[in-house]
Each structure stands twice: as structure tokens, then as C-alpha cells.
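Peer 1: Just passing along the structure, written as C-alpha cells.
The values are calculated or read from the model by the stated rules, or taken from the named source; none is laboratory data. Everything quoted here is computed from the prediction, not taken from an experiment. Every residue, glycine as well, gets a Cβ built from its backbone with ideal geometry; the counts of neighbours run over all protein chains shown. Heads up: the accessible areas ignore ligands, DNA and RNA and are worked out on the full protein's heavy atoms, side chains in. Shrake-Rupley method; radii C 1.70, N 1.55, O 1.52, S 1.80 Å.
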Amino acid sequence: MSLTPAAAWNESYSSSKHPTMIRLETISTYLAVFLSPFATFRFFGLNFTISDLFYCASFGVLILAGLIPRSPLRSAMWYWMFGSALLLLGLLGASLINGDAARGLLVCVQYLFAYVLLVPLVIRGDIDRMQKLAMLFLAGVIVIDIHGILSFYLVGYVPTLPGEGKGIVTGARRLATILGNPNLAGAINALVIPSLLYLWFAGRLPRWLASTLLAIIVVTVVLTSSNSGLAAMTLSLLIFIGLVANVRLLVRLSILALILAVILYVGGLDLLPSAFQKRVLGALTTGDIDEAGSFVSRTQLMLEALSVISAKQILLLGIGADQFRTISVQNAPVHNIYLLLWVEGGLVALFGWLFYAGVGITLAYSAWRLRLERHVAASTLATCGVFLLIAFSNPHMYGRYWTTPVLISIGIVAVHLRAWAIEQRKKETYVTIKDIRSAAAARHRAR
């Protein structure tokens with residue numbers, strides 16, 4: 001596939017005629033990625049964060065310099081855009097026909113920003129750039145975690161005024177971090193684990209540092225006492241370790257698990273936070289889902305969504321974006337994006353959203369089939385798997401703290417595949433020239 005000058009620029013920064021623009025865009029994008037986990041750093045209570053501001057600045061610089069890449073994902077970009085078209089068509093069409101057109105437009109703009117505009121900003125450049133983006137997002141999460149852990153043990157619960165959120169530590173002694181939501185904190189930490197493990201296996205993080213950062217993430221998830229966060233973290237580790245497992249890794253993990261078991265056996269379960277014992281261990285040991293916190297109310301919302309789908313016989317188009325909360329008994333959106341997109345945007349919107357993870361999984365499978373380094377495919381598959389699992393307990397997922405780590409993970413496998421293709425072309429060119437020279441020499445000897 002041929003590249004325009006704009007797209008070719010993204011293959012090599014050194015060939016650009018806009019060095020100042022490049023530096024501005026690079027700094028702005030790096031800041032946007034680092035700040036993307038800080039979901040509460042918003043302007044005037046709007047769903048527009050400081051990170052979004054830097055993303056917009058980066059996009060503006062690329063437009064002014066004429067450097068917007070045509071196809072960051074190469075041929076897979078067509079599938080990505082087709083999924084985006086289905087998602088936006090379903091939500092906007094349902095809103096125009098059955099719901100509120102203004103609300104539908106606002107929701108579609110958020111999805112357009114998160115899943116379309118960010119693609120050329122994040123997925124670009126070489127392997128080194130993508131690894132830097134992964135380290136920046138990881139750094140942002142770790143800063144939030146360290147601040148949260150210190151606040152949990154040194155400050156504890158601080159009452160907040162109505163409308164100010166849950167605070168760093170909730171009244172139930174759960175770590176919410178500056179995100180103000182324990183489940184969100186647990187989910188974001190689970191989502192960043194594959195990137196951490198990828199950087200470790202790729203040699204970008206030394207063993208001691210990667211182990212320390214992983215321990216910080218695990219402690220944070222435990223302190224959130226989030227069942228969904230713990231499940232996502234477990235799935236993330238299982239997928240990645242299962243795909244890259246070797247004898248040495250399994251031995252080390254076995255030793256680590258044995259040490260943790262001994263510590264818990266000697267110290268007792270009292271070493272764990274009381275909220276974790278009640279919400280997580282209580283639900284696991286007794287089988288009583290009432291111990292799992294908000295699981296019952298969320299299940300009721302899911303059943304209510306299914307009843308609406310059945311009663312209205314929703315197939316292609318739903319009731320309109322952001323309309324379920326208006327008819328719900330709990331006046332809340334269903335915390336399950338699969339059901340929420342189905343009921344509000346119809347199967348058209350749902351299938352469109354599934355294309356995003358489908359593209360990532362397909363690219364990871366291609367890397368695995370081509371026998372690239374196993375941690376490359378493992379990272380993307382684990383990220384997409386966790387993303388799909390988290391979606392079962394979240395409403396609309398257009399927050400940039402969701403899409404940034406997913407795009408980074410997909411971008412990593414994409415640039416690895418691109419590097420492999422370039423290497424193959426070099427080999428083919430070399431063989432072709434060699435064959436031509438051999439044939440010419442043979443003809444010369446024949447004369």
C-alpha cells in the first residue's frame with residue numbers, strides 16, 4: 001500500500017521538514033498519555049480532561065503541519081473505521097428516530113474522540129515511540145497508586161461534602177485513589193498490567209523495577225477491594241503468563257506464590273484490608289453475592305435492560321443514546337456496555353464497538369502466527385481480554401483512560417508487524433538483486 005508524504009513522515013521523524021512542529025506534537029502527546037489516567041482532572045465538571053486538552057493540541061499541530069497519517073493501522077484501519085461507522089450510525093440513528101438527538105450527538109462525539117481521533121495520535125512511529133507511550137501511561141497509573149497507598153495508610157478516610165465524590169478512601173475503607181472510584185481504580189490497574197509485563201520482557205524495564213511496579217499495582221487492587229478489579233487483574237496475568245510461559249518463569253511464579261501463602265498463613269487474613277475480607281473473600285468463601293457490594297443492584301439493572309430489549313423487540317436500532325437511565329427504575333445506565341449499547345444503539349452499535357477489540361485480537365494473532373516475540377502478542381491479547389471483561393461492569397466506555405492503554409497495546413503489535421514486513425521486503429529485495437546479478441554473470445560467461 002502506497003503512503004502519502006504525510007503518512008511516510010510517521011515512519012521516520014528525521015525526514016520531516018517540520019522539526020518544531022514535531023517537538024510540539026511529541027511533547028503534547030506524551031503529556032496527554034501520561035495524564036490520561038487522571039480521569040478527575042476535568043474542566044468545569046465536563047467530560048473533558050487536561051489530557052484531552054493536550055490530545056486536541058497534538059491533533060491541531062498535525063493538521064497545521066499537514067501530517068495526519070492516512071492509515072495508522074494499514075489495512076486493518078478499514079475494519080476499525082467500519083466498526084466506528086456502525087457504532088456511530090447505531091447510536092445517532094436511534095437517537096434521531098427514537099430518542100434525544102442532542103444527547104445522541106454528544107455521546108457520538110465522545111466515542112468519535114476516544115476511538116477515532118486518538119488513533120493517529122497514539123498509533124504512530126516506531127517501536128521505541130510506542131514503548132515510550134506505554135511507559136508514560138504506566139507512570140501515570142503508578143503515581144496515582146503511590147499517592148493512594150500513602151493516603152490509605154497515613155491519612156485514611158476523610159469525610160467529603162455532598163457532590164464531592166467518595167474521596168481518596170471511602171467510608172467503607174476502600175481505596176478509591178484520586179479517581180474517586182474503587183472499581184475504576186482497580187480496572188485501570190488491571191488494564192495496565194499487560195503493558196508493564198511487555199516492557200519487562202522487552203528489556204525496557206529492569207527486573208527489580210518491573211517487580212516493584214507490579215507489587216504496587218497488586219497492592220492497589222487489593223486495597224480497592226474491587227471484585228471486578230481483582231477478576232480483571234487475574235485474567236490479565238493468566239492470559240499473559242499462559243502465552244509466554246516457560247519453565248524458568250513458572251518456577252519463579254511458584255516460589256512467589258509459596259512466599260505469599262506462607263505470609264498469609266503466619267500472619268493470618270488480618271493482614272488483608274477489612275473491606276477486602278468482607279467484599280471479596282466473603283463472597284468467595286460463602287458464595288453469597290450480597291457480600292460483593294453493588295453486584296445485586298447491577299444485576300437488577302442488567303435484568304431491566306434485558307426486559308426492555310424483549311418488550312421493545314430491539315434489534316438493529318435501540319431507544320437512543322443515554323435514554324436507558326430515563327426509563328430505568330434506578331435512574332441509572334446499565335453497568336454492562338454490551339447490554340447498554342444493545343438497548344440504546346441496537347445490535348448495529350454493539351457489533352461496531354466489538355470491532356475495536358476484534359482488530360486488536362486479529363493483529364495479535366497475526367503476530368503469534370508469524371512467530372514474533374511471544375510477549376508482543378501476549379500483551380495485546382491480554383489487554384483486549386481485560387478490556388472486554390471490564391466492559392461487563394461498566395456503562396459507556398469512551399473515557400480516554402479506557403482507550404489510551406488499548407490503543408497503545410494495539411499500536412505495539414502493529415509497529416512490530418510493520419517492522420517485520422519491512423525486514424521481509426529488505427530480504428526479498430536483496431534476493432532479487434542477487435538473482436539478477438547472478439543471471440547477468442551467467443549470461444556474460446555464456447558469451
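Peer 1: Within region 363-384, take every residue that is modelled with pLDDT of 95 or more and of a type outside the set (A, V, I, L, M, F, W, C) and give me the one that is farthest from Val413 (Cα to Cα).
Peer 2: By that ranking, first place goes to Thr383.
Peer 1: Still on this structure: Name the residues in region 288-306 that are closer than 19 Å to Arg174 by Cα, among the acidic types (Asp, Glu) and either exposed (fewer than 15 other Cβ atoms within 10 Å of the Cβ) or at pLDDT 75 or above (or both), would you?
Peer 2: Across region 288-306, the qualifying residue is only Asp290.
Peer 1: What number of residues within region 300-341 satisfy the criterion of being over 13 Å from Pro395 (Cβ atoms), out of contact with any helix residue (DSSP H, G or I) (no Cβ under 8 Å at 6 or more places or on another chain) and not aliphatic (A, V, I, L, M)?
Peer 2: So the count comes out to 7.
Peer 1: Okay, next question. Of Ile149, Ile127, which residue is open to solvent by less than 70 Å² (accessible area, probe 1.4 Å), touching a helix residue (DSSP H, G or I) at 6+ places or on another chain (Cβ under 9 Å), under 30 Å from Trp78 (Cβ atoms) and among the hydrophobic types (A, V, I, L, M, F, W, C)? First the steps, then the outcome.
Peer 2: Numbers: Ile149 fails: under 30 Å from Trp78 (Cβ atoms).
When all the criteria are applied, what remains is Ile127.
Every residue, every condition in (1) of a type in the set (A, V, I, L, M); (2) closer than 24 Å to Leu389 by Cα; (3) under 18 Å from the mean Cα position of the chain (by Cα), yes or no:
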{"position": "Val169", "(1), (2), (3)": "yes, no, no"}
{"position": "Arg173", "(1), (2), (3)": "no, no, no"}
{"position": "Thr177", "(1), (2), (3)": "no, yes, no"}
{"position": "Arg207", "(1), (2), (3)": "no, no, no"}
{"position": "Leu214", "(1), (2), (3)": "yes, yes, yes"}
{"position": "Leu237", "(1), (2), (3)": "yes, yes, yes"}
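Peer 1: Filter region 307-322 down to the residues that are open to solvent by 80 Å² or more (accessible area, probe 1.4 Å) and in a helix (DSSP H, G or I) and list them by number.
Peer 2: From region 307-322, those open to solvent by 80 Å² or more (accessible area, probe 1.4 Å) are 310-313, 315-316; that's our starting set.
Correct list: Ser310, Ala311, Lys312.
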